[in-house]
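Heads up, the thing below is written out as structure tokens.
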Amino acid sequence: MLKLTNFSVQDILQNINVQFDEGKTYVIMGKNGVGKSTLIHSIMGRPDLETEGSIEFLDQDISELSVDERARLGIFVSFQTPVSIPGLSNFQFIKQSLDIKMPEMKAKLDNFKTLSSQMNLPADWDKRNLNTDASGGEKKKNELIQLLMLDKKFAMLDEPDSGLDVDGIKTLVEQLNNWKNKNNTLVVVTHYEQLIQGLNPDAVIVLQKDTVKVGDKSLAEQIFNNGFDNV
Amino acid sequence: MYKNLYLQNVGLTPQLSEDTFYTLEELFDYTTTTLTDNFFDGSVSPRNEVFVDAYIKNINHLRNVGMPSKHNEQFNNANLNKLLDFNILINNNFNKMLNYVDDDVSSISYQSNRLVFSDGAVYTSNDIREKKPFNVQVLDFIHSNKSRQQEYIKFIQHTDNFSNLTFAFSPFTNIVTIPTGSNDKFYKNPLSIEYRNITEEPYLECNTSIIDIQHNLKVKINESVKATAGQMNFTTYVLRENSELILTRKSTDLGGWNIFDSVFICHPNSKLTIDTENNGSSYTQENFYINSSFKNVVKLKGRNNILTGNNFHQYVHQTSNDNDNYSSIDIKNVGHTYANTSFVGRYDIGAMSRNFDGNMSNQNLMLDKETKMHTRPILDIKTKEIKCQHGCTISNINEEQKYYLNTRGIEKPEQILIKSFLC
């Protein structure tokens, strides 16, 4: 699905080589400040991050594509701290983000209210301004709704668990497991044991400045037991 | 304007040919010298002495105060020279003007609750002119009542030099009265007032008006300003005791330029809500002068999306000389490439004004490095027992917000961010 070859981001990450396959779930772990968020935002094409090396998505080199072009190809990133935009309602935001026309649009938008309700968001969530006057957990739920509605193939979630309560984590795991299928790929940056167990990842990637260590779920357990320095 | 004022109504023959009326400065010189001298030597045969007296008085005043200078607070940041040098006979953008398709004045008769101020005259829909209880009353050149009009003219408070000029250039002060007893009739069915140039000829046209909202009324007025050439408006709104005015004003760029002075005389317990929208023009100056008395509530909201190359200058001046007044001034401007905008807001709180509660906010979104935006809040407070705050900002598009929208596949997030900013 997505392949990084000799991928460097400024002086934060050097010569990263990693491949994410279809139908699989990956967890990215690493010490604070090692560049986990930088990695996923550079894959998304964030303009202030200068990159070298190649990014191939569905066998196409996307390194020269803009952020919105990458998004329309099917790449999704959820933010660790979602950006608030006063004056833009959640409903309008979703409507603008959906790249489809009526009547399919109407069915999608009806689903927005259902999802908001399932996530225990307030009844007027659709009318509220995007990520404004919302708790950390509500913002994270909103990111999840966007992922579920926007039909993406490759999703990168940056600490989707932070700010969520116990029930919220449970819902997150359920929704992500429902979202996963043989045609898409899920990449989650997290250090939360319960989430890793719930998602049952195919691979755990431990990120360091110039290397990546890839292992199965047991690699996460080693880190929880012994810390990053001993893996 | 000249045809109306000097030939038909006053009987004065213009001393210069049409082509030589070039700029506001030249008009000023002509009005304050040639015209005044002609009045005094008795060569005119005024049709209506009351109004001619007002002209003479005002023109003399105008001659004394002179034209506005950059030292005027209102024009601190405005490119005043550009305005004074405008060739008023040349329309700056014929394309914009030609795209302006609207009904002509004759079709207004068949509409409802509608008034058009144009070149000093008032055109109304038939229902406005109907003689029935509690209907709107219009006093103009045709339906005049000299003594009443003279009384109303006393309401006019000259605020800056352009309002003097507008008054001097207006053939008549038109008076619209919404009488007590109409209750909320004109809230449920709002009045629509349009300020427009009478023809597509590029003349300077001026309107001086007084709108009197009488006691215990709730009135909504939807105004639109459509300048296809030079247009200067000077409107005084009188809000009597316990009345409420909800005023929306939308100015469209049709290639002309526009100066609009609005004076609000708020009697005790009156409420004023103003909602304005502007796109700017080759020169737009919008001035609000709000005079609060006692227990007034004033809410002014401006949402101005100033298009490429346009000018927009706004001045808001509220005075409070008595107790328990509330004010909220909330202006947001977006400046596109080469736009030039300014906001000057002033609270003048007198020594006898206690418990004034005011909040002045001006936020500006600058879309390009070639955009010029100025903001200046002024709080002149002569008393202690008040609550007053202000906040003025100028910022660019937030790159983080832009990136966030991009990540959701939105190609041009700027338009969404502009809309959300102006919300």
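Any read-out appearing in this document is the output of simple, stated calculations on the displayed coordinates, not a laboratory observation. Just so we're clear, the structure is a prediction, and the values are computed from it rather than from any experiment. All Cβ positions, even for glycine, are placed from backbone atoms using ideal geometry, and neighbour counts span all protein chains on display.
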For this session: Could you run the Debye sum over the Cα atoms of segment B:96-421, one equal point scatterer each and no solvent, and tell me log10 of I(q)/I(0) at q = 0.13 Å⁻¹, two decimals?
Result: -1.00
Exercise. Using the Cα gyration tensor of segment B:201-344, with a ≥ b ≥ c the square roots of its eigenvalues, what is the shape: rounded (a/c below 1.5), prolate (a/b larger than b/c) or oblate (neither)?
Worked result: prolate
Problem set entry | Peptides A:163-169, B:229-235 ordered by average Cβ neighbours within 10 Å, highest first | B:229-235, A:163-169
Exercise. Using a Gaussian network model of chain A with C-alpha springs under 10 Å, which one of A:L65, A:L219, A:L73 is most mobile by mean-square fluctuation?
Worked result: A:L65
Exercise. For segment A:2-230, what is the Kirkwood estimate of the hydrodynamic radius, computed as the reciprocal of the mean inverse distance between distinct Cα atoms, to one decimal in Å?
Worked result: 18.3 Å
For this session: Provide a whole-number value for the mean count of partner chain Cβ atoms within 10 Å of the Cβ atoms in peptide B:408-418.
Result: 6
Problem set entry | Under-5 Å amide H pairs with B:N359, H placed in peptide plane, nonlocal only | B:S327, B:S328, B:I329, B:Q389
Problem set entry | For B:M232, residues with placed amide H under 5 Å, excluding near neighbours | B:E205, B:C206, B:N207, B:I259
Problem set entry | Solvent-free Debye scattering, log10 I(q)/I(0), computed from the Cα coordinates of the protein assembly as shown at q = 0.09 Å⁻¹ | -0.84
Problem set entry | Nonlocal amide H pairs with B:F86, under 5 Å, H built at 1.01 Å | B:L24
For this session: Can you tell me the relative contact order of segment B:96-421? Whole percent, Cα pairs under 8 Å, sequence separation 6 or more.
Result: 10 percent
Seminar exercise, completed: Computed about the Cα centre, the charge dipole of segment B:96-421 from +1 Lys/Arg and -1 Asp/Glu charges at the Cβ has a magnitude in debye, to the nearest 20, of 760 debye
Seminar exercise, completed: Mean Cβ-within-10 Å packing, highest first, puts peptides A:4-10, B:207-213 in the order B:207-213, A:4-10
Seminar exercise, completed: Note on chain A: contact order normalised by length, alpha-carbon pairs under 8 Å, 6 or more apart, percent, works out to 29 percent
Exercise. Which order results if A:F224, B:F356, A:F57, B:F155 are arranged by neighbouring Cβ count within 10 Å, fewest first?
Worked result: A:F224, B:F155, A:F57, B:F356
Exercise. Ordered by packing density, taken as the mean number of other Cβ atoms within 10 Å over each peptide's residues, highest first, how do B:303-312, B:74-83 rank?
Worked result: B:303-312, B:74-83
Problem set entry | Shielding of B:371-384 by partner chains, average beta-carbon count, 10 Å | 0
For this session: Would you calculate, for the protein assembly as shown, the mean residue ellipticity at 222 nm contributed by helices, counting each DSSP H stretch of 4 or more residues as -39,500 (n - 2.57) and dividing by all residues, to the nearest 500?
Result: -7000 deg cm²/dmol
For this session: Mind giving me the nanometre distance, one decimal, between the label points for B:K419 and A:T5, set 7 Å out from Cα along Cα→Cβ?
Result: 4.2 nm
Exercise. Rounded to the nearest whole Å³, what is the per residue volume of the convex hull around the Cα atoms of segment B:189-262?
Worked result: 77 Å³
